[in-house]
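Novice: Here it is, the structure, as structure tokens.
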Amino acid sequence: MREDEFYIGYLPQAPAGVRRVVRRVAIGLLTMGAVLSVALVLGQMPFAAASFEYGMVRGFDGVLYERPFPHVVMEDGASYLLAGAGKLGTREAMGHDGRQVRLRGSRVRRAGMTMIEVETGSARFGSGHGPEQVTVLGRRRLRGEVVDGKCYLGVMNPGAGQVHRDCAVRCLAGGLPALFVTGGEVLVLEGFDAKARRNEVGVPLTLEGVRKKVGGLEVLELTGR
Amino acid sequence: MSVTYAAVQWNRQKKLYDSVIAGGVALYLGRFVGVGAMVHPQATAETLLIRGLGTAAFLLLHVVLSIGPLTRLDRRFLPLLYNRRHLGVTMFTLALGHGVFSLVQFHALGDVPPLVSLLTAPARFEQLGLAALTILFLMAATSHDFWLKLLTPPGWKRLHMLVYLAYALLVAHVSLGALQSERNPLFVGVVLTGACVVLGLHVAAWGAGRGYVEVCEVERIGENRAVLLKLGDEKIAVFRHGGKVSAISNVCAHQGGPLSEGKIVDGCVTCPWHGYQYLPETGASPPPFTEKVAVYETKVEGGKVLVSRCAKTSSI
Ligand code: HEM
Ligand code: FES
């Protein structure tokens, strides 16, 4: 800048030397923005292969069970967990344990697990079936993270970890199925008092309980601490 | 000058400034979400938008915070300051988008109202974000000159100093939130680099503002002659005489003649216009005259002349 250059913002044109500096700053910042936008978006943790068929409603037929969380056993033996709208568990299942059901909803899927976000009021119930088969596999002490099933299985991505923690707490308080994500497998978590233990959601945690199979669901049931 | 308040008074430079901001922000978000959708097809649009808006606001805050000290270090950056408010309001808008999307995404449609959920959430980093957003909101809402008048400049300035608290809260928000989930050192690197830049510039400007400004090499000042130094609105005449350097105000007490264009005659700075005289060390006219101009501390270091930024407080 020449000694006598003086910038006045309300004049239409800045002095040449000032203009040059400002142009350089602007170009520098725009370049930095360009580099950082791409670097930051590429540098993120990978996203899990999970999906939510938002707005795509299908019909489902099966047998409904309420425990450990409401789920439907399909004809092929697969068990689909049920979720309500938003961050709430479904109320469609209440009082219909063991009955044939036909309902509508959207699938949430991740790594072989499926959940249905049930369209409110869509469930129609038929005749009753017997109780679901439960196989106890023994006591286990496992390390993992408690998450809510709906977000984790694909409604949100990421649906676990620190950035998702507060949401998981909300979802579990709303009655959505709890999952325990361990290094090896993802278990349905029965008997976890999500409201009392909210601080233990979304962080590394060791839990001890009974590993069992409930129909097609892999379950860890927490018993007396 | 009129005291009616228009929403914003536009002129060409403001328009240029704002177009660059708007264009830059649009490009950033477009790239973040666009490239994100391409390389992370599994990521939901909400996640990309929340992250794009959050990072854009946070990065822009660094720019906003750096402009002040930059202009103190080098006046050529002043045009950046001229319209800094628009940068601030843009940053707030991005932050608001990020906050609102996050609030909806992570707290809405649950068993309690979203704000209750946010305020009682256990991970804590989101409340820090909310606190910062509240401060940024107060600043954006009071950014217009109308509020400057209402709050008085010192009050307004105090309110706007809260931006540093907001920045600290946001560093904590990001460190306790995203940095716990992201494993790539790039993220820690960006946050640390940003903090170093902001802090470094402030320390440098503080040091420079407190101390002396470099004028030139001693030899560049002719014996008994002066060079002109401009410091903000002040003009200072820096003289060399008999192995010494003195600095006094450039403005003659008589009719404002340019003392730096004068000469030291008989030991006195002599004004080129009508010959009023001043002692270079005290700025006082030799008796019996009583005129006086401001004097500045000087020193010579490594052959360079340095002049203090503030005039010596008058002892007379
Ligand atoms: C109500 C206020 C706020 C809430 C609820 C909030 C919430 C969140 C959440 C949940 C995340 C993690 C998102 C993810 O990684 O998927 C996040 C990250 C972030 N936030 Fe905020 N935030 C708020 C305010 C702010 C403000 C005011 C700024 C900056 C001006 C900001 C900057 C960031 C940045 C840079 C990240 C890291 C990148 C990212 O993951 O999005 N946040 N925030
Ligand atoms: S202005 Fe300096 S002598 Fe008149």
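Laboratory data are not the source of any read-out in this text; all were calculated from the coordinates shown. Given the structure is predicted, the values throughout are model-derived calculations rather than measurements. In this analysis, Cβ positions are derived from the backbone assuming ideal geometry, glycine residues included, and neighbour counts consider all displayed protein chains.
Novice: At a threshold of 8 angstrom on Cα-Cα distance, excluding pairs fewer than six apart, so keeping six or more, what relative contact order does chain B reach in percent?
Specialist: On the way: 390 pairs, mean separation 36.5, N = 316.
Relative contact order of chain B: 12 percent.
Novice: I've got another one for you. Under 5 Å between amide hydrogens, which residues at least 5 positions from A:Arg99 or on another chain qualify, with H placed 1.01 Å from N in the peptide plane?
Specialist: A:Leu64, A:His129
Novice: Then there's this: If the viscosity is 1.567 mPa s and the temperature 4 °C, what Stokes-Einstein diffusion coefficient in µm²/s follows for the range A:33-188 when Rh is the Kirkwood radius over Cα pairs? List each step's numbers first, then the result.
Specialist: Values: Rh = 16.7 Å.
In µm²/s, the coefficient rounds to 78.
Novice: With the dipole of the range B:12-208 worked out from charges on the C-beta (+1 for Lys and Arg, -1 for Asp and Glu) around the Cα centre, which of B:Leu150, B:Val174, B:Thr44 lies farthest toward the positive end?
Specialist: Going by the charge dipole, the pick is B:Leu150.
Novice: Roughly what angle does helix A:16-43 make with the longest principal axis of chain A, taking Cα atoms, 0 to 90 degrees, to the nearest 10?
Specialist: Once rounded, one gets 20 degrees.
Novice: Next question, about the same structure. Along the range A:179-188, what does the Karplus equation 6.51 cos²θ - 1.76 cosθ + 1.60 (θ = phi - 60°) give for ³J(HN,Hα), rounded to whole Hz, x for Gly and Pro?
Specialist: Working through the residues one at a time gives 10, 10, 8, 9, x, x, 10, 9, 10, 6 Hz.
Novice: Something else about it: Please list 3J(HN,Hα) in residue order for the range B:284-300, calculated via the Karplus relation 6.51 cos²θ - 1.76 cosθ + 1.60 where θ = phi - 60°; whole Hz, with x for glycine and proline.
Specialist: Per residue, the Karplus-derived 3J(HN,Hα) values read 8, 6, x, x, x, 6, 10, 5, 8, 10, 5, 10, 10, 5, 9, 7, 10 Hz.
Novice: Next up: Label A:Val35 and A:His129 with points 7 Å out from Cα along Cα→Cβ: what is the distance between them in nm?
Specialist: 6.0 nm
Novice: While we're here: Work out which helices of chain B, taken as complete DSSP H runs, extend at least 15 Å along their axis over the Cα atoms and score a mean Kyte-Doolittle of 1.6 or more, then list them. Please list the in-between numbers first.
Specialist: On the way: long enough: B:12-39 (39 Å, 0.64); B:45-73 (42 Å, 1.32); B:84-107 (33 Å, 0.60); B:125-141 (24 Å, 1.77); B:145-161 (18 Å, -0.31); B:163-176 (19 Å, 1.90); B:185-210 (37 Å, 1.54).
Those that clear 15 Å and a mean of 1.6 are B:125-141, B:163-176.
Novice: When you look at the Cβ of every residue in A:191-199, what mean number of other chain Cβ atoms sits within 10 Å?
Specialist: Details: counts 0, 0, 0, 0, 1, 0, 0, 3, 2.
Shielding by partners across A:191-199 averages 1.
Novice: Put +1 on the Cβ of each Lys and Arg and -1 on the Cβ of each Asp and Glu in the protein assembly as shown; which of A:His96, A:Val108, A:Val72 then has its Cα farthest toward the positive end of the dipole?
Specialist: Positive-most Cα among the choices belongs to A:Val108.
Novice: Right, next: Looking at this model, which pairs from B:Lys244/B:Lys304; A:Lys150/A:Lys213; B:Lys292/B:Lys312; B:Lys157/B:Lys235; A:Lys87/A:Lys150 are more than 18 angstrom apart at the alpha-carbon? Spell out each step's value before the answer.
Specialist: On the way: B:Lys244/B:Lys304 12 Å; A:Lys150/A:Lys213 20 Å; B:Lys292/B:Lys312 13 Å; B:Lys157/B:Lys235 26 Å; A:Lys87/A:Lys150 8 Å.
In this structure, A:Lys150/A:Lys213; B:Lys157/B:Lys235 lie more than 18 Å apart at Cα.
Novice: According to the Cα gyration tensor, what semi-axes, each the square root of 5 times an eigenvalue, does the equivalent ellipsoid of the protein assembly as shown have, listed from largest to smallest in whole Å? Show your work: numbers first, answer last.
Specialist: Numbers: eigenvalues 979, 91, 71 Å².
In descending order, the three semi-axes are 70, 21, 19 Å.
Novice: Pop out the ³J(HN,Hα) list for the range A:112-122 in order, Karplus 6.51 cos²θ - 1.76 cosθ + 1.60 with θ = phi - 60°, rounded to Hz; leave Gly and Pro as x.
Specialist: Listing the rounded values in order: x, 9, 10, 10, 10, 7, 6, 6, 4, x, 8 Hz.
Novice: Net charge near B:Glu261, counting Lys/Arg +1 and Asp/Glu -1 over other residues with Cβ under 12 Å of its Cβ?
Specialist: Values: positive: B:Arg225, B:Lys235, B:Lys263; negative: none.
After counting each charged neighbour, the total is +3.
Novice: For chain B, what does the helix formula give at 222 nm: sum of -39500 (n - 2.57) over DSSP H segments with n ≥ 4, over the residue count, nearest 500 deg cm²/dmol? Working shown, then result.
Specialist: Details: 10 runs with 171 residues, N = 316.
Value at 222 nm, helices only: -18000 deg cm²/dmol.
Novice: Further, regarding this structure: Based on Cα coordinates alone, diagonalise the gyration tensor for chain B, multiply each eigenvalue by 5, take square roots, and list the semi-axes in whole Å, largest first. Intermediate results must be reported in sequence, preceding the final value.
Specialist: Values: eigenvalues 565, 88, 62 Å².
Semi-axes, largest first: 53, 21, 18 Å.
Novice: Other chains near A:13-25: what is the mean number of their Cβ atoms within 10 Å of each residue's Cβ?
Specialist: Partner Cβ neighbours, averaged per residue: 4.
Novice: Okay, moving on. Note down the magnitude of the dipole of the protein assembly as shown about its Cα centre, charges +1 on Lys and Arg C-beta and -1 on Asp and Glu C-beta and zero elsewhere, to the nearest 20 debye. Write out the running numbers ahead of the final one.
Specialist: Working: 58 positive and 42 negative charges, 77 e Å.
Magnitude of the dipole: close to 380 debye.
Novice: Would you mind ranking B:Met139, A:Met32 so that the residue whose beta carbon has the fewest other beta carbons within 10 Å leads the list? Can you show the working numbers first?
Specialist: Values: B:Met139 23, A:Met32 15.
Sorted ascending by nearby Cβ count, the order is A:Met32, B:Met139.
Novice: What are the GluC sites (Glu not before Pro) within the range A:165-225 that DSSP puts in a loop, where the Cβ has at most 16 other Cβ atoms within 10 Å?
Specialist: Working: sites: A:Glu185, A:Glu190, A:Glu200, A:Glu208, A:Glu218, A:Glu221; in loops: A:Glu185.
Answer by residue number: A:Glu185.
Novice: Also, I was wondering about something else. Evaluate the relative contact order of chain A (contact order divided by residue number), counting alpha-carbon pairs under 8 angstrom at least 6 apart; express in whole percent. Mind dumping the intermediate values first?
Specialist: Details: 446 pairs, mean separation 40.1, N = 225.
This gives 18 percent for chain A.
Novice: Separate question: Each label point is 7 Å from the Cα along the Cα-to-Cβ direction; what then is the distance between the points at B:Ala195 and B:Arg84, in nm?
Specialist: According to this spin-label approximation, the distance is 2.2 nm.
Novice: Report, in debye and to the nearest 20, how large the dipole of the range B:12-208 comes out about its Cα centre when Lys and Arg carry +1 and Asp and Glu carry -1 on their Cβ.
Specialist: On the way: 15 positive and 7 negative charges, 169 e Å.
Value, rounded to 20: 820 debye.
Novice: Calculate the mean, over all residues of peptide B:13-22, of how many other protein chain Cβ atoms lie within 10 angstrom of the residue's Cβ.
Specialist: Values: counts 10, 2, 0, 5, 3, 0, 0, 7, 2, 0.
Per residue, the number of nearby Cβ atoms from other chains is 3 on average.
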